[in-house]
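S.K.: Could you have a look at this structure, given as structure tokens, before my questions?
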Amino acid sequence: MAKILLFGRSGQLGWELARKLASRGELTVLGSAEVDFARPEAIRAAVRAVQPSLIVNAAAYTAVDKAESEPDLAWAINAEAPGVLAEEAARTGSLLVHYSTDYVFDGAKPAPYVETDLTNPINVYGKAKLGGEQAIARAMAGSNGRWLIFRTSWVYGARGSNFLLTILRLANERSELRIVDDQIGAPTSSEAIAQATAAVLARVFAADSPTGTSSQPPSNVPFPTLPADWSGIYHLTCSGAISWFGFAKEFLTCTAHATGSPAPTLIPISTSEFPRPARRPANSRLSCDLLCETFGVTLQPWQRALEWVLDQIRDQAGATLS
């Protein structure tokens, strides 16, 4: 049975990954209370104590605006820490799975970004996440280390701190909300990311097995032949695209329909009308063709993922009230 070490216990993605990976092996989940990601020696000690065959890093500094005033901390957690994990993975032959972001791009491209497009982050958070990608590639170069970096976008879920939960809270406090309408991307739920990760790993495990089959196939997608050089960067987002305004309108309309309560008035605004410390890309769309071609994994449309998350939020509210 594989030993799996998952970092990011307290995050929305880490929580979902723990649920999806529990059946894949002997799972150890660590959070910031156990491991300070700003201390390389703490990271090394944690990896060496567990001696995993699979390391999944869902820990990250995600306060995009705050990173502008805390660049050193953002760099330590998002750039240096992944490099330490990669060094440990390369040393032991472990598979490393890490998550990055659409913010490594500047958003100037009119079409969806592919993995080979030039990066050009426009904020501290994006620069630090790109630094993490580069640190992993450097640590793995010249070794037989195996690694997967999944770039995703606009992550949200039924728990944690994210755009959806913020808007739902503000909708109960205000009659009018002004939402940016000139930034386009694919809202991607943490549950969808975790499910896709588990599907990819099932194919990797199957490729590693003597029979070439997985004991726990995740779906009906035919098992593809994995290339010898499958390690690398892949884009992983829900399909489709929408603006932040359109995303807010969709889930507030769904919520109002389910509860019978009126939704607040939404006013579309431009990015310039809502200045923030960190600049955001205007285009955050990512092409996920390579993920599908390599692993046979395609994520569901963002609308379907949203329905699932809203159901989870309603179930949590019902449990709280009962």
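S.K.: Which one is farthest from A248 (Cα to Cα), of the residues in the range 289-309 that are out of contact with any Leu (no Cβ under 6 Å at 6 or more places or on another chain) and outside any helix (DSSP H, G or I)?
M.R.: Checking each candidate, the answer is G296.
S.K.: Which residue is nearest to the chain's Cα centre (by Cα), if the candidates are limited to the range 266-287 and must be closer than 11 Å to V180 by Cβ and among the polar types (S, T, N, Q)?
M.R.: T271
S.K.: How many of the residues making up the range 74-103 are part of a helix (DSSP H, G or I) and touching a strand residue (DSSP E or B) at 6+ places or on another chain (Cβ under 7 Å)?
M.R.: From the range 74-103, those part of a helix (DSSP H, G or I) are 74-92, 102-103; that's our starting set.
Next cut, touching a strand residue (DSSP E or B) at 6+ places or on another chain (Cβ under 7 Å) only: 82, 85-86, 89, 102.
Adding up the residues that qualify gives 5.
S.K.: Also: Being within 29 Å of R39 (Cβ to Cβ), touching a residue at least 40 places away in the same chain (Cβ under 8 Å) and either surrounded by fewer than 20 Cβ atoms within 10 Å (Cβ to Cβ) or of a type outside the set (S, T, N, Q) (or both) is true for just one of A90, A111, A186, A158. Which residue is that? Explain how you work it out, then say what you get.
M.R.: On the way: A111 fails: within 29 Å of R39 (Cβ to Cβ); A186 fails: within 29 Å of R39 (Cβ to Cβ); A158 fails: within 29 Å of R39 (Cβ to Cβ).
None of the others qualify; the one that does is A90.
S.K.: Within the range 118-144, can you find the residues that are over 20 Å from the mean Cα position of the chain (by Cα) and not hydroxyl-bearing (S, T, Y)?
M.R.: Residues of the range 118-144 that are over 20 Å from the mean Cα position of the chain (by Cα), as a first pass: 118, 138-144.
Of everything in the range 118-144, those that are over 20 Å from the mean Cα position of the chain (by Cα) and not hydroxyl-bearing (S, T, Y) turn out to be L118, R138, A139, M140, A141, G142, N144.
S.K.: Under the condition of being modelled with pLDDT of 95 or more and in contact with a helix residue (DSSP H, G or I) (Cβ under 6 Å, 6 or more places away or on another chain), which residue from the range 253-294 is surrounded by the fewest Cβ atoms within 10 Å (Cβ to Cβ)?
M.R.: Selected residue: P277.
S.K.: Can you tell me which residues in the range 17-27 are crowded, with 18+ Cβ neighbours inside 10 Å and either touching a strand residue (DSSP E or B) at 6+ places or on another chain (Cβ under 8 Å) or more than 22 Å from A192 (Cβ to Cβ) (or both)?
M.R.: Of everything in the range 17-27, those that are crowded, with 18+ Cβ neighbours inside 10 Å and either touching a strand residue (DSSP E or B) at 6+ places or on another chain (Cβ under 8 Å) or more than 22 Å from A192 (Cβ to Cβ) (or both) turn out to be L17, A18, L21, R24, L27.
S.K.: Working carefully through the options I136, I122, find the one that is in a helix (DSSP H, G or I) and not charged (D, E, K, R).
M.R.: On the way: I122 fails: in a helix (DSSP H, G or I).
Matching residue, one of I136, I122: I136.
S.K.: Residue by residue through the range 25-67, note down the ones that are without any contact (Cβ under 8 Å) to a residue 60 or more places away in the chain, touching a Phe, Trp or Tyr at 6+ places or on another chain (Cβ under 9 Å), closer than 12 Å to L85 by Cα and not in a loop (DSSP other than H, G, I, E, B).
M.R.: Within the range 25-67, I43, A46, I55, N57 qualify.
The values are calculated or read from the model by the stated rules, or taken from the named source; none is laboratory data. Values in this document were obtained by computation on a predicted structure and should not be read as measured data. Every residue, glycine among them, receives a Cβ derived from its backbone with ideal geometry; neighbour counts consider all protein chains shown.
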